[in-house]
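Nothing in this text is a laboratory measurement; each read-out follows from the coordinates by a stated rule. As the structure is a computational prediction, the values presented were derived from the model and not from experiment. Glycine gets a Cβ as well: all are built from the backbone with ideal geometry, and neighbour counts include every protein chain shown.
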Amino acid sequence: MNKYKENFMRIIFSITAAISIAAVILISFFLFYRGFPGMSKIGVFNFIAGTRWRPNEGVYGIFPMILGSLYVTAGALVIGVPVGLLSAIFFAKFCPPKLYKILKPAVELLAGIPSIVYGFFGLVVIVPAVMNTFDLASGQTMLAGSLLLGIMIIPTITTVSEAAIRAVPETYYEGALALGATHEQSVFKTVVPAAKSGILAGIVLGIGRAIGETTAVLMVVGNQQRMPKGILKGLSTLTTNIVLEMGYATDLHREALLATAVVLFVFILLINLSFSVLKKGSKIK
């Protein structure tokens with residue numbers, strides 16, 4: 001009887017895995033099939049390296065949006081990675097059990113908040129704060145977007161990094177203590193480096209969340225389709241540009257937006273590929 005159950009569950013798992021793979025293949029096929037014609041009409045170099053986006057004039061250059069996405073994501077990592085990683089270390093090795101029962105659910109709650117709520121928070125709190133602090137005409141800037149995305153990726157980085165740190169065998173920590181290291185030294189110099197692979201996974205997931213976020217970013221960055229000129233200036237990202245114009249785009253304009261989605265998809269693939277290479281390299285060492 002147990003053998004039949006095992007075979008049945010093996011079939012179920014195989015089917016679900018096949019569905020997941022098929023979904024990724026179908027999404028990839030749709031994006032490339034619908035996006036490449038527009039990119040070829042515009043010209044790959046003109047499309048990716050072009051600095052002007054003027055659909056009414058037939059000009060489609062997404063380089064400002066590429067830079068906008070990269071800059072906002074980089075700013076979010078500067079904020080989110082240290083806070084998320086240190087929070088994970090605190091939860092795993094320093095937090096008292098009673099306090100952990102309060103703080104851990106709070107962090108998990110942050111992960112479940114809808115993007116539109118984050119966006120509203122950014123619009124009514126972060127944007128006015130940036131505007132008043134730096135005496136700007138508008139607080140919808142790269143800085144506001146980075147601050148908001150930094151807050152949004154903290155739960156992801158914290159949760160995954162904490163799980164990785166807890167997965168490190170306790171003998172690593174005990175061995176460091178036996179050699180004369182303090183509690184802090186054992187954690188930061190032995191346990192955390194041993195959890196490097198899992199921590200990198202959390203950071204990569206955070207990058208994917210940040211670079212692919214749309215609704216929240218749409219509300220705080222100003223959506224100005226121009227070359228980014230500083231952290232206190234507005235900009236546009238790949239995702240916000242697609243959302244703003246897809247509703248009324250037609251013909252080549254629509255194909256250009258689908259091609260923009262292809263570029264974003266390629267970015268995500270490159271990020272995951274880079275993580276796989278880093279993970280493999282860490283295992284070899």
With the chain treated as a Gaussian network of Cα nodes joined by springs under 10 Å, which of A261, A201, A249 yields the largest mean-square fluctuation?
A249
Rounded to the nearest 20 debye, what is the charge dipole size of the chain about its Cα centre when +1 sits on each Lys and Arg Cβ and -1 on each Asp and Glu Cβ?
580 debye
Checking L205, L147, L77 against a Gaussian network model of the chain (alpha-carbon springs below 10 Å), the top fluctuating residue turns out to be L205
Per-residue ³J(HN,Hα) for region 258-263, Karplus 6.51 cos²θ - 1.76 cosθ + 1.60, θ = phi - 60°, Hz, x for Gly and Pro
5, 5, 4, 4, 4, 4
Need one number: nm distance between label points at M246 and V44, each 7 Å from Cα along Cα→Cβ, rounded to one decimal.
2.4 nm
Apply the Karplus curve 6.51 cos²θ - 1.76 cosθ + 1.60, θ = phi - 60°, to the phi angles in region 4-21 and return the couplings in whole Hz, x for Gly and Pro.
5, 4, 5, 5, 5, 5, 5, 5, 4, 4, 5, 5, 5, 5, 5, 5, 4, 5
If you take the beta carbon distance between I102 and A74 as r and set R0 to 35 Å, what does 1/(1 + (r/R0)^6) give as a FRET efficiency, to the nearest 0.05?
0.60
Round to a whole angstrom and tell me the spacing of the C-alpha centers of region 136-178 and region 48-65.
35 Å
Using the beta-carbon distance between F188 and F13 and R0 = 51 Å, what value does 1/(1 + (r/R0)^6) give for FRET efficiency, to the nearest 0.05?
0.85
What area, in nm² and to one decimal, does the C-alpha convex hull of the chain cast on average over all directions?
21.0 nm²
From the Cα gyration tensor of region 213-280, with a ≥ b ≥ c the square roots of its eigenvalues, which class applies: rounded if a/c is under 1.5, or else prolate if a/b is larger than b/c, or else oblate?
oblate
Subtracting the Cα-Cα distance of F90 and H253 from 0.36 nm times their residue separation yields 53.8 nm
GNM on the chain, C-alpha springs below 10 Å: top fluctuator among A181, A74, A111?
A181
Amide H contacts under 5 Å for Y60, placed H, 5+ residues apart
R54
I'd like the FRET efficiency for F36 and N272, computed as 1/(1 + (r/R0)^6) with the beta carbon distance as r and R0 of 22 Å, rounded to 0.05.
0.55
Among P82, L218, A137, the residue whose Cα sits farthest towards the positive end of the charge dipole of the chain (+1 at Cβ of Lys and Arg, -1 at Cβ of Asp and Glu, taken about the Cα centre) is P82
In region 1-79, what trypsin sites (Lys or Arg not before Pro) fall in a loop by DSSP, with at most 15 other Cβ atoms inside 10 Å?
R52
